[in-house]
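The values are calculated or read from the model by the stated rules, or taken from the named source; none is laboratory data. Since this is a predicted model, take the numbers as computed values, not measurements. Please note: Cβ atoms are built from the backbone with ideal geometry, for glycine as well, and neighbour counts cover all protein chains shown.
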Amino acid sequence: MRGNAKRKRKAARPRSGTASGGRPTLVEASRRQQHLLDVAGAMFSRRGFDGTSVDAVAEAARMSKRTVYARYRDKDALFSAVLRRLIARWLMPIRDFRSSKSELEPMLFEFAHHFLHSALAPQAVAIYRIIIAEAERHPEFGRLAHQEGRQPAVRAVASALARFERELRPLDLELAAEQFISVVVDSRLRLAALGLGDKRSLNASIRAAVDLFLNGVRA
C-alpha cells in the first residue's frame with residue numbers, strides 16, 4: 001500500500017520544466033523562445049531573408065509549425081524578433097558606459113570598442129546586409145534598427161557627453177553623438193558588408209576615430 005501511495009505521489013508531481021497539465025513553465029518557455037531565435041538568427045545569417053522560411057526554422061528548431069506560428073504570424077515578425085534581440089544585446093552594456101569612466105577619453109574608447117566589435121560580429125553584419133537588401137520591400141526593418149537601436153545608442157552617448165560639457169565647445173550633443181557613432185562604425189560596417197573588412201586593424205581604427213572626434217569637439 002505504501003509503495004502504491006508513493007508511486008501516486010510521484011506521478012502527481014509535474015515533470016521538471018513543465019507546469020501542471022503539461023504546460024511549460026515560464027523558465028522552460030523562455031528557454032524554448034531563445035532556442036527558436038538562435039536557430040532563426042543562424043538561418044537568416046546563412047541563407048538570407050528569401051532563403052529562410054518559418055517552416056524550415058520550425059523544423060530545424062524541432063518545434064511544431066503551429067507553435068512557431070503562434071508566436072510569430074509570419075517571417076517578417078520572426079526576423080523582427082531576431083533583430084530586436086540583437087539590438088537588446090547591443091544596448092545592454094551601453095547604458096553602463098555613461099558612468100563607468102571618470103574621464104572623457106577612456107569613456108569614448110569604451111563606447112567605441114563596444115560599438116565597433118559588436119557591429120562587426122558575423123551575425124550583426126549578416127543582419128545588416130538583410131536590412132539593406134530588404135529596404136525597399138521591408139522598410140520597417142530599417143526603421144526598427146534605427147528607432148530601437150541607433151537612436152537609443154545616440155542618446156546614451158549624448159547623455160555621457162553631457163557630463164563633460166565644460167571640456168567641450170558649444171554643440172548639439174545628440175548631433176555630436178550621432179557623428180561619433182558614424183565615424184567609429186559606419187565605414188567599417190560598410191566594408192564588412194561588402195566582404196572587404198580587415199579586423200586586424202580595429203584597434204588602430206578606434207584610436208583614429210576617437211582622436212578625430214575629440215579634436216573636433218574639445219574646447
_For the stretch 178-187: of the residues being of a type outside the set (Gly, Ala, Ser) and without any contact (Cβ under 8 Å) to a residue 40 or more places away in the chain, which is surrounded by the fewest Cβ atoms within 10 Å (Cβ to Cβ)?_
ASP186
*Which of the residues that make up the stretch 36-77 are under 26 Å from ALA121 (Cβ atoms), among the aromatic types (Phe, Trp, Tyr) and in a helix (DSSP H, G or I)?*
PHE44
*Scan the stretch 188-219 residue by residue and report those that are surrounded by fewer than 15 Cβ atoms within 10 Å (Cβ to Cβ), farther than 30 Å from ARG166 by Cα and not basic (Lys, Arg).*
LEU191, LEU194, GLY195, LEU196, ASP198, SER201
_Of the residues HIS146, HIS117, HIS113, only one is within 19 Å of the chain's Cα centre (by Cα), under 22 Å from ALA42 (Cβ atoms) and of a type outside the set (D, E, K, R); which?_
HIS117
*Residue match in the stretch 91-112 (condition: assigned to a helix (DSSP H, G or I), at pLDDT below 95 and within 25 Å of ALA29 (Cα to Cα))*: yes
*Mind listing whichever residues of the stretch 139-155 are crowded, with 18+ Cβ neighbours inside 10 Å and either over 13 Å from LEU83 (Cα atoms) or at pLDDT below 95 (or both)?*
ALA153, VAL154
*Verdict on ILE132 being surrounded by fewer than 19 Cβ atoms within 10 Å (Cβ to Cβ) and β-branched (Val, Ile, Thr)*: yes
